[in-house]
């Protein structure tokens with residue numbers, strides 16, 4: 001291992017204490033890597049709010065057990081500084097995905113923890129840190145009950161998590177006209193590398209494409225590594241790509257995955273991925289396939305689909321005379337910018353079926369539309385006919 005581990009700062013801030021209305025709240029870490037997180041409250045006639053921002057943690061620094069994130073326990077020493085006995089009543093956490101515990105026991109809503117005058121007890125917030133780049137906030141609500149009015153308390157902790165490697169944008173979509181397929185495209189994606197060691201962020205990433213027609217034209221570092229905070233380094237890269245769209249591009253989406261990765265052990269290489277989605281921009285837009293599901297023999301099933309003009313030109317539709325057996329089509333022949341087409345099938349034999357329905361159009365740049373119709377036909381019994389699921 002490099003020096004990344006021993007250079008990693010504590011996840012938690014230095015301890016700070018503040019007494020409010022006879023309450024002392026100090027949030028500190030009980031789990032490894034959570035040394036001393038303090039949460040400060042301020043005096044107010046309204047409900048006090050305790051907020052703190054934890055130091056940044058990288059996704060790779062989150063503890064895992066057999067691939068699963070290990071929950072993080074943070075203790076909240078609470079002192080009843082009142083001169084009388086009181087009870088601390090648990091109300092809720094910000095999400096059911098984490099909880100509050102006393103003496104290892106998960107608290108239920110309304111559960112009371114008795115405190116004698118001056119007594120301190122530790123309440124544990126058990127949370128699972130997110131394994132994505134985000135800022136996660138955890139909080140728990142309690143209320144003191146005893147002599148005098150109730151005193152509500154909220155403890156709020158923000159945990160910023162950064163990805164070791166990130167790409168922006170995470171997705172690019174391009175719709176191309178048939179005439180544009182012969183022209184190469186150029187796109188640039190932005191890569192950010194974060195690490196605890198400056199040497200690691202200086203490493204040159206490897207960029208991989210799932211398709212040979214997308215290649216790396218240039219990989220350029222943006223300046224020198226920057227120390228974001230003590231012991232945390234960042235390096236930015238611009239990845240310039242050259243894309244030669246395939247000649248057989250179709251209106252359906254054609255996803256290409258781009259993955260950037262860094263040296264490391266097998267299965268532990270820091271990496272990030274994004275998608276480039278290419279599709280053919282045709283003058284008419286429509287779903288190329290229509291699935292009818294499972295149909296009993298001899299039963300009719302209808303589906304509707306929309307065919308629309310992408311250039312706003314009205315067009316007429318007509319049905320090819322050679323329709324497949326057992327299929328009928330209903331449409332409006334008048335010129336319109338959009339056409340709803342109803343296709344009905346009435347299969348007469350069990351098994352899988354796949355047919356092509358051909359529609360003629362008056363659009364000068366797209367004289368025909370081919371629809372792929374598929375489904376599964378089965379022999380039905382009286383029970384099947386009576387079952388609502390039989391027709392699905």
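No value in this document is a laboratory result; all are computed from the given coordinates. If you're wondering where the values come from, they're calculated on a predicted model, not measured in any experiment. Every residue, glycine as well, gets a Cβ built from its backbone with ideal geometry; the counts of neighbours run over all protein chains shown.
Label reach from residue 304 (point 7 Å along Cα→C-beta): in region 339-362, amide nitrogens under 11 Å belong to 340-343.
As a rough guide to protection, the peptides 186-196, 145-155 ranked by mean Cβ packing within 10 Å, highest first, stand as 186-196, 145-155. Across every direction, the projection of the convex hull enclosing the Cα atoms of region 116-210 has a mean area of 13.0 nm².
Each of 281, 330 was scored by other Cβ atoms within 10 Å of its Cβ. Listed from fewest to most, they are 330, 281. Shown is the FRET efficiency for residue 362 and residue 217, computed with R0 = 45 Å from the Cβ-Cβ distance and rounded to the nearest 0.05: 0.60.
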